[in-house]
Every structure is written in C-alpha cells, then in structure tokens.
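Bear in mind that the values in this text are calculations on the coordinates, not laboratory data. Predicted model only: the values in this text are computed from it and were never measured. So basically every Cβ, Gly included, is an ideal-geometry build from the backbone, and we count neighbours across all protein chains shown.
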Amino acid sequence: MKTLRVLLTHAPSPELELAWALFDTAGACTATGHARPAALPGADRLEAVVAASQVRITTVVLPPMAASRLANAAKFALEDQIAGPPEAQQFAVSTRQPDGRVRVVIVDRALLQAIATGGSPLARPTRVIAEPDLVPAAPGWRWCGNEARAGFVRCADGSAFPVDPPRGDGALPSELAIALAQATRAGKAPSQVGVDAPFAEALLARWQSETSVAFRRGKPWHWHQASPDAFAAALDLLPDAGTARAVTSRNDHARLFAGPLWLAGAALALHVLATAGEWTWLKLDAWRNAQEWAALVASAGLPSDATVTASSARAALDRRYGELRHAHGLPAPDDALPLLARAASALAALPHGAVRSATFADGHWTLDLVRADSAMLAELDGRLRQAGVPALTAVAGASARIRLGAQ
C-alpha cells in the first residue's frame, strides 16, 4: 500500500506547488518532488505534514486525570501563552507520561479545517501531523532548517518552536537567540544545539561564542527522510483522529473459534445483565437523591428550574445562601476575601515575588506563579488540602497556574 505525504506551508490552493514524497508499504521513501495538487502522484493513502512555521509544540505537567480531560486542562494551562483567542486554535495532546508530562501540538483551527474537510484541491487526508513531531526528542536542542524556508528547534522535553533562517549578516535568528537567553536565565540552558542544517562552520563558531552554548554539526534535515517509527509516533491533528477502524473478514476465524466465541458471548451476556442491574440501581438511587434535593430547594423558596439536576440544586442553594448572607451584611464562603482568608495560611509560605498575578471570578481565585518548582508546588498543594481549599494546578515550564475554590 503506497502512502503519499505532502508538506503544507500554507492552506492548499490549486496554484500552490507542494513538496511531496511517496512511501512504500514498509515505510521507505521511494520518490520525491514538487507539484500542484492536480498533478500529485496517485497513492492508496494521503497524509498531510504541516510545516513547522504553522505549528507550535509545547509540554505541560498535569495532575492525574481522565484522558478525555487532558485537552481542556492543557488549554487552561496555556491560555496566556497563546497568540490570539484560544478558540481559534486546535489542540492535540499526547497521553500523560508517568511524570505528568503531556505533549501539546497547537495549530490554527482554520488551517486545519481547510486541510481536513476535503473541500480544498487535496483529497481528505487520513492523517495530519506536524513537521517538528517527526524529530525524536533527545538531550540538548536540535535546530532543523535551511536557507530556503523557516526551520524549527526541537527541545529535549519534546517541545518545538519555529525559527526563521539566519539573517543576512549571519546573526542568530531572533527566536532562537531569545529562547537560549531565557533558558540560560532559568538555569535550563541546553548542553548543546545540534544544527541539522547546511550552515557554514564559521557561523556555528560565531554563535557558540555569542551564546556560550555549543553548536554541533548534524545531518541536514529533510522531512521525508524521517523514520517510519517517527511518522507513526507523530500526533494526529485531525479532530476525529482514531475513529476509523480497519475492517477484516471474520468468517474463517468464526468457524475456527466457534466454541471459545460461544463461551465469550455467554460471559458477555452475563456481564451485560449484571451491568444493567447495577445501572438500574444507580439510576434509582440518583432519582431518590434528586427528589430529596428538589424538596430542599422547594422549601428554600427557589424556582423549580433549579432542580433539573442535583448539582444545579446544590449550586442554587449555595447562591441563595450567599444572597441571604449578603442581605444581612455578612460575607459568603465563595466571596473573594473569605476564600482568600482560608488559603492565606497556605500561601504565606510562598517565596517573595512567586505570585505574578491573582484574579477572582466565578467564585474562585486564579494565581499565576513564577519560578514554580515541583517541590514547592507539592508542598503548597499539601497546605491547601489541610486548609480545606480545593485547588487545581497546571504547570507550564518554569511557571504554574493554580485555581482555588469552586471547581
């Protein structure tokens, strides 16, 4: 089965020439070229590779949670680091690693929709991946690029950012110079920068002298030369990634395993019956709880639409309690000052200048912390638990964001 992969530096159009590469069943590249969409070679599968200039890859550290919540948690952790409104960006997240690290690929939603809908000159691709995701993370940084188009830097933690070609005077691209300066100030300067690009040795020596970071010559980067494992491991940016399933014939297998299949079917039927019974009991228990909440809400004089669910009833009672407290000139538990007072003993131990900003909205405080190491965050989380203040923490690099109060 042949796979055609095309590199997209912009949204596809009939006039835009695309770099393409054809791969055989084993994943080896058999041909490359440039062509307009109408003249691309035929293949069984089409995959789109979004150029590094159009994507950004970052990593965040998140607490244990369901996989379905990772994307929203990553968006919350990164919302003040995203250029433009978050709703204009598409987030693709990896699985959570044992140390809590999650890789996040960010791409413009409009660009992804133009690629994925099939309304463009290209057929609808089976996968859309990011060019920097084809470079395995390794110790140090890897700078992949050339003089013709923007490249990118892949960092040791798996993050990546686009980088322009070197300036005409030979100076280091500003994106890379700023990133190295910030990493040096944070004490996280890379041990070296591997240069997978055809730049002159004299430039490498100059950059090493200017930054005090070793620049080492590597192999020039060509996206189509990435290994089959790298293509397979890259995150799929399509919103419905993973929903397709292969369909295979099962007649011979059914005859061969008729007995085991019958036993498996019987076990499945018993499991379904047990699950249905448990589900019925849980629904009955939930109905009883809802009736009790409804009676409590009615006795409090609240409207009946507040009893749609138990959670809405509890929220309505909390609001009513706060209104009555306010009517008598008293504070409510979810007011800004009482909530901050409960957390004050835990926050008092933070080092001076650790809190960059604090905002209050919808019954919770959001604190942005700088220089937030794992030990400090673990200690703070323990103190907040002792104070009875619910907290959600998201870490991005050397900073962290903590939400206190209602979740």
**OP:** State the extension gain, in nm to one decimal, for the chain segment bounded by A232 and Q291, taking 0.36 nm per residue of separation less the distance between their alpha-carbons.
**Re:** 16.1 nm
Original post:
Taking a threshold of 30 Å on the Cα-Cα distance, which of the pairs K75/K219; K75/K283; K75/K188 fall above it?
Top reply: K75/K219; K75/K283
Subject >> Straight-distance crosslink candidates among aspartates and glutamates, where the alpha carbon sits under 15 Å from K2 and sequence neighbours closer than 8 are dropped >> reply: D24, D44, E47
Subject >> Listed candidates (1) 23.9; (2) 21.6; (3) 25.8 - label of the one calculated as Kirkwood radius over Cα pairs in Å >> reply: (3)
Subject >> Sorted by Cβ neighbour density within 10 Å, fewest at the top, the residues D368, D99 >> reply: D99, D368
Original post:
Could the peptides 42-53, 221-232 be put in order, highest first, of the mean number of other beta-carbon atoms found within 10 Å of their residues?
Top reply: 42-53, 221-232
**OP:** Sort 157-169, 61-73 for me by packing, meaning the mean count of neighbouring Cβ atoms within 10 Å per residue, highest on top.
**Re:** 157-169, 61-73
Original post:
Around R36, with a cut-off of 12 angstrom between Cβ atoms, what is the net charge of the other residues, counting Lys and Arg +1 and Asp and Glu -1?
Top reply: -2
**OP:** Could you check the simple spin-label distance between E323 and S68, using points 7 Å along Cα→Cβ, in nm with one decimal?
**Re:** 3.3
**OP:** Take peptides 131-138, 350-357 and line them up by average Cβ neighbours within 10 Å, highest first, as a rough protection proxy.
**Re:** 131-138, 350-357
